[in-house]
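To start, the structure itself, in structure tokens.
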Amino acid sequence: MRSFLEQSIAGATSFEDRFDAEVWLLDMQTRLAPFMSDPEERVQFLTLLHQEALAANLPPELVLALIEVESHFDRFAVSSAGAQGYMQVMPFWKDEIGRPEDNLTRSDTNLRYGCRILQFYWQRESGDLHRALAAYNGSLGSRKYSDKVFRAWQSRWRNAPLDW
């Protein structure tokens, strides 16, 4: 495991330096353990999540909280409405962007879609995170969903202030 973690840290390009990668990955993989038992899977997932979240200008810890609420880290989760994967992305998004062949249960695809969709709503809602999360969930006008994400963030993923 140590060797794998060292390789992952060395290859993690979304961090400012090796030390930041090591601290964040060690901290978050411990927090993720109740949801993913395989340590290597956790580190790979977190490395990918960090990369996609930062590419979309999102706090990775916010994305972790959203995933906890949406799918409890079940890559193959499918909602009653048809949303798929970790971030419960609706399949219509594939047609919206002209990529109907994409597989939303692939971790990289699901995280990229989910992060960019949340980024879109956060920008559209002028930085109002509660409204952006409600739009992401399809419950605009209610704070029930965004409050659930906030509680998950506050109780498990918080490591720095976030403007709620």
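The values are calculated or read from the model by the stated rules, or taken from the named source; none is laboratory data. Keep in mind that what you see is a predicted model, and the values were worked out from it rather than measured. Every residue, glycine among them, receives a Cβ derived from its backbone with ideal geometry; neighbour counts consider all protein chains shown.
All of 79, 37 fail the test of being closer than 17 Å to residue 136 by Cβ and either in contact with a Lys or Arg (Cβ under 9 Å, 6 or more places away or on another chain) or among the small types (Gly, Ala, Ser) (or both), apart from 79.
Okay, residues lined up against (1) surrounded by fewer than 24 Cβ atoms within 10 Å (Cβ to Cβ); (2) in contact with a strand residue (DSSP E or B) (Cβ under 7 Å, 6 or more places away or on another chain); (3) of a type in the set (Ser, Thr, Tyr):
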| site | (1), (2), (3) |
| --- | --- |
| 48 | yes, no, no |
| 51 | yes, no, no |
| 55 | yes, no, no |
| 67 | no, no, no |
| 71 | yes, no, yes |
| 75 | yes, no, no |
| 81 | yes, no, no |
| 89 | no, no, no |
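Within the stretch 137-164, track down each residue that is of a type in the set (S, T, N, Q), surrounded by 14 or more Cβ atoms within 10 Å (Cβ to Cβ) and farther than 24 Å from residue 91 by Cα.
159
Look at the stretch 30-51 and say how many of its residues are part of a helix (DSSP H, G or I) and either closer than 20 Å to residue 118 by Cβ or in contact (Cβ under 8 Å) with a residue 24 or more places away in the chain (or both). Of the residues in that region, 13 qualify.
Kindly provide the set of residues from the stretch 101-116 that are under 19 Å from residue 79 (Cβ atoms) and over 11 Å from the mean Cα position of the chain (by Cα), ordered by number. Answer for the stretch 101-116, where residues must be under 19 Å from residue 79 (Cβ atoms) and over 11 Å from the mean Cα position of the chain (by Cα): 102, 103, 104, 105, 106, 109.
Taking the listed residues 83, 56, 77, the one that is among the small types (Gly, Ala, Ser), touching a residue at least 24 places away in the same chain (Cβ under 8 Å) and under 22 Å from residue 150 (Cα atoms) is 56, with no other qualifying. The set of residues in the stretch 97-137 being in a helix (DSSP H, G or I), over 20 Å from residue 151 (Cα atoms) and among the basic types (Lys, Arg) consists of 112, 116, 124.
Results for (1) modelled with pLDDT of 95 or more; (2) under 21 Å from residue 104 (Cβ atoms); (3) within 14 Å of the chain's Cα centre (by Cα); (4) among the acidic types (Asp, Glu), shown as yes or no for each residue.
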| residue | (1), (2), (3), (4) |
| --- | --- |
| 15 | no, no, no, no |
| 18 | no, no, no, no |
| 24 | no, no, no, no |
| 36 | yes, yes, no, no |
| 59 | yes, no, yes, no |
| 62 | yes, yes, yes, no |
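Of the residues in the stretch 144-159, not one is part of a loop (DSSP other than H, G, I, E, B) and of a type in the set (A, V, I, L, M).
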